[in-house]
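First the structure, in the form of structure tokens, and then the observations on it.
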Amino acid sequence: MAENKVRFNLKNVHYSVLTETVSTAGVVSYSFATPKAVKGAVSLDLSQEGEISPFYADGITFYRSISNNGYSGSLEMARYSDDMMKDVWGDTLGTTSKVLSENANVNPKAFALLFQVDGDADEELYVLYNVTGTRPNIGSQTNEANKEPQTQSSDIAAIPLGDGRVMARTTADTPSATKTGWFNSVFQES
């Protein structure tokens, strides 16, 4: 398979709630819930977080350290699903009223974000392992001559897991079995 020259078209956004467990020996392990689809991907705009720090010695830049603090940006969706509002942001659904309620005392959960970006040769499949996000915005406007859908955005940050993993993506050489099962579970190198 040829490597992509260009990328376009965000789709197949999924989330998977992250659970961090610490054993009695102090060993940290990570597990992920079964990914759930969120329909209506509009845009994902992430910028790298990190910096280059020079160290000077002998009158020159003797060494440069580069930090990788993940990514931050925005995920825009047509509408965030009720499941994601409950699973990630802790909204509760009334037993009899079936009204979804937000509580400021509930902390959001970290999650893996899985998505697909099409290319000219093949799709690229991504997973960001440790994402947190602000509650999606609320907004709308009156209809005018045309009905124009209103979207929701969440400011998100993808930071490294304790073991350093930030992101994984498929390549032109990724076996089809790995790509086929990408949205069934969160990819973790064996």
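The values are calculated or read from the model by the stated rules, or taken from the named source; none is laboratory data. Remember, predicted model here, so these are calculated numbers, not experimental data. Cβ coordinates were reconstructed from backbone atoms using ideal geometry, including for glycine residues, and neighbour counts include every protein chain displayed. Just the protein is used for accessible areas: all its heavy atoms, side chains included, with ligands, DNA and RNA removed. Shrake-Rupley method; radii C 1.70, N 1.55, O 1.52, S 1.80 Å.
Before anything else, pin down the relative contact order of the range 1-83: Cα pairs under 8 Å, at least 6 apart, normalised by residue count, whole percent.
26 percent
Whole-Hz Karplus ³J(HN,Hα) for the range 46-52, in order, using 6.51 cos²θ - 1.76 cosθ + 1.60 and θ = phi - 60°, x for Gly and Pro?
10, 10, 5, 10, x, 7, 9
Which whole-number percent is the relative contact order of the range 85-190 (Cα, under 8 Å, 6+ apart)?
22 percent
Rounded to the nearest 500, what is the chain's calculated 222 nm mean residue ellipticity when only DSSP H runs of at least 4 contribute -39500 (n - 2.57) each, over all residues?
-1000 deg cm²/dmol
From the backbone phi of the range 19-33, what are the Karplus-calculated ³J(HN,Hα) couplings (6.51 cos²θ - 1.76 cosθ + 1.60, θ = phi - 60°) in whole Hz, Gly and Pro given as x?
So the Karplus estimates, Gly and Pro as x, are 10, 9, 10, 10, 6, 4, 7, x, 7, 8, 10, 10, 10, 10, 5 Hz.
From the residues Asn143, Leu128, Val13, which one has its Cα farthest along the dipole of the range 1-148 in the positive direction, the dipole being from +1 and -1 charges on Cβ of Lys/Arg and Asp/Glu about the Cα centre?
Of the options given, the answer is Asn143.
List, in order, the whole-Hz ³J(HN,Hα) value for each residue of the range 76-86 obtained from phi through the Karplus relation with A = 6.51, B = -1.76, C = 1.60 and θ = phi - 60°; use x for Gly and Pro.
Here the 3J(HN,Hα) series is 9, 10, 4, 6, 6, 5, 4, 4, 5, 4, 6 Hz.
About its Cα centre, how strong a charge dipole does the range 96-188 have in debye, to the nearest 20, once Lys and Arg get +1 and Asp and Glu get -1 at the Cβ?
520 debye
Let me know the charge dipole size of the range 1-98 about its Cα centre in debye, to the nearest 20, where only the beta-carbon of Lys, Arg (+1) and Asp, Glu (-1) is charged.
Roughly 440 debye, rounded to the nearest 20.
Beyond a 30 Å Cα-Cα separation, which of these cross-linked pairs lie in this structure: Lys98/Lys179; Lys11/Lys86; Lys39/Lys179; Lys5/Lys109; Lys39/Lys147; Lys5/Lys147?
Checking Cα-Cα distances, Lys98/Lys179; Lys5/Lys109; Lys5/Lys147 exceed 30 Å.
Compute the relative contact order of the chain as a whole-number percentage, counting only Cα pairs closer than 8 Å that sit 6 or more residues apart in sequence.
Worked out over the chain, it gives 26 percent.
Suppose we look only past 21 Å in the calculated P(r) of the chain. What percent of the Cα-Cα pairs does that tail hold?
60 percent
Pop out the carbon and sulfur fraction of the accessible area of the chain as a percent, whole number, probe 1.4 Å.
The computed percentage sits at 48.
Using a 1.4 angstrom probe, figure out how much accessible area the range 56-121 has per residue, in square angstrom, rounded to the nearest whole.
60 Å²
For the range 92-190, what class follows from the C-alpha gyration tensor (a ≥ b ≥ c being the square roots of its eigenvalues): rounded when a/c is under 1.5, otherwise prolate if a/b is larger than b/c, else oblate?
Cα axes put the range 92-190 in the oblate bin.
Would you work out the charge dipole size for the chain about its Cα centre, treating the Cβ of every Lys and Arg as +1 and the Cβ of every Asp and Glu as -1, and quote it to the nearest 20 debye?
That gives the chain a dipole magnitude of about 440 debye.
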